[in-house]
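Chemist: Right, I'll just put the structure down here and ask away after.
The values are calculated or read from the model by the stated rules, or taken from the named source; none is laboratory data. As the structure is a prediction and not an experimental result, all values here were calculated from the model. Neighbour counts are summed over all protein chains in view; Cβ atoms, including those assigned to glycine, are modelled from backbone coordinates with ideal geometry.
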Amino acid sequence: MIHQYDEPVYLISVVAKILSIHPQTLRQYERENLICPSRSNGRIRLYSQRDIDKIKLILRLTRELGVNLAGVDIIIRLKDNVDGMEQEIAGLRHEVSKAKNTHSVSPDKALVTKKSIYEMIIFEQKD
């Protein structure tokens, strides 16, 4: 049976065994708000593959690079911010590409092109 990347299916004992760590380490990461596993109706921690990958990142940062848990928290937050910005940039690039291809822009924006050495597309907000 194949599970979705975000589907919480792994018990704490299974994750600890997969990663060769003590379950208390996982509980510590949760107390430090580095991970947030789902809970079953019986309050049992359930981890997804995404959680496991995040724990692998935490272990790599602490074991290989010697980063403490406060530093790991900062790194993960910065990584999440960068990932969000990259998604936003990709969305904006897609919008610009679509506007170039269809020669149209959303109704609340006007497309102004200026010809010079560099081709430029400038979006201006309509009043």
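Chemist: Being assigned to a loop (DSSP other than H, G, I, E, B), on the phi > 0 side of the Ramachandran plot and surrounded by fewer than 18 Cβ atoms within 10 Å (Cβ to Cβ): is that true of N41 here?
Modeler: Answer is no for this residue.
Chemist: All but one of (1) more than 18 Å from the chain's Cα centre (by Cα); (2) among the charged types (D, E, K, R); (3) within 20 Å of Q24 (Cβ to Cβ) hold for E64, so report the exception by its number.
Modeler: Status for E64: all satisfied but (3).
Chemist: Please tell me if I58 is under 18 Å from L78 (Cβ atoms), outside any helix (DSSP H, G or I) and modelled with pLDDT of 95 or more.
Modeler: In short, no.
Chemist: Can you find even one residue in segment 48-65 that is at positive phi and charged (D, E, K, R)?
Modeler: no
Chemist: Sort out which residues of segment 44-67 are free of Cβ contacts under 8 Å to residues at least 12 places away in the same chain and buried (at least 16 other Cβ atoms within 10 Å of the Cβ), and write them in order of number.
Modeler: Listed by number, the residues that qualify are T62, V67.
Chemist: Further question: Condition first: more than 14 Å from Y47 (Cα to Cα) and touching a residue at least 12 places away in the same chain (Cβ under 8 Å). Now tell me which residues in segment 17-27 satisfy that.
Modeler: Within segment 17-27, I21 is the sole residue that qualifies.
Chemist: Still on this model: What single numbered condition from (1) outside any helix (DSSP H, G or I); (2) under 20 Å from K79 (Cα atoms) fails to hold for Q4?
Modeler: (2)
Chemist: Let me ask something additional. Only residues that are in a loop (DSSP other than H, G, I, E, B), under 17 Å from V72 (Cα atoms) and of a type outside the set (D, E, K, R): list them for segment 24-38, please.
Modeler: Within segment 24-38, N33, L34, I35, C36 qualify.
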